[in-house]
1. Can you find a residue that is under 26 Å from residue 186 (Cα atoms) and of a type in the set (Ser, Thr, Tyr) anywhere in the range 46-69?
2. So which residues in the range 7-58 are of a type in the set (Phe, Trp, Tyr) and surrounded by 14 or more Cβ atoms within 10 Å (Cβ to Cβ)?
3. For residue 68, state whether it is closer than 25 Å to residue 169 by Cβ and surrounded by 15 or more Cβ atoms within 10 Å (Cβ to Cβ).
4. Tell me the helices (runs of 4 or more DSSP H) entirely within the range 1-99 that contain at least 3 residues that are over 23 Å from the mean Cα position of the chain (by Cα).
Amino acid sequence: MDTQVLGISVDSAESLNAWAESLGGITYPLLSDFYPHGQVAQLYGVLRSEGYNERALFIIDKSGTIRYVDVHEITEQPSNEVLFAELAKLEPEKALQDQKVMQQQEAEDQKAVETAPKPSANIVMYCTPWCPTCKRARAYFAERGIPYTEIDISRDRKAAARVRSWANGNETTPTFEIKGKVIVDFQIAEIEAYLKE
């Protein structure tokens, strides 16, 4: 769909740049609402009295009208399905075309999953170089002397397709394949349970 994602925070531009670099770069612009401090957040009704903004999503149409608002806890992950459904309301015909493209991508992903050679290691971690949780997982395995095979899904697109097939269409990293069982995200209790089997 014809959309533009923007991120905005009361943090300074320098802080936002450092955060983006720590992730290995992001694909959408980040805007600083630092000075006058939180003025944009205040206008949208999401500036807390402590001086920082709520975690919120706004969908704004091309005429500047707010069409959807979701204010949620910092620990909550908003539903992509809900967002896509709201965006589809703005451009239903384009959404239908995009849906066909996604279905084709899913079919190609499934074919890639079926035809790609699978690693033979007991533990395979599908990751990216910039993923902070992947760094924690590497440290976890290193501290315990646990051998594993690492696959960078930003370079191996067949592996990325495999991850999407496991993670509801998302390229969630890290994702693990342990003795043939899949764990999406770094869930230590599940990993340790599978390692004991």
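1. no
2. Of everything in the range 7-58, those that are of a type in the set (Phe, Trp, Tyr) and surrounded by 14 or more Cβ atoms within 10 Å (Cβ to Cβ) turn out to be 19, 34, 44, 52, 58.
3. Against the criterion (closer than 25 Å to residue 169 by Cβ and surrounded by 15 or more Cβ atoms within 10 Å (Cβ to Cβ)), residue 68 qualifies.
4. Helices (runs of 4 or more DSSP H) meeting the threshold: 39-43.
Values quoted throughout were computed directly from the atomic coordinates according to the rules given, and no laboratory measurement underlies them. Only a predicted model underlies this, so the values are computations on that prediction, with no experimental measurement involved. Ideal geometry is used to build each Cβ from the backbone, glycine not excepted, and the neighbour counts take in all protein chains shown.
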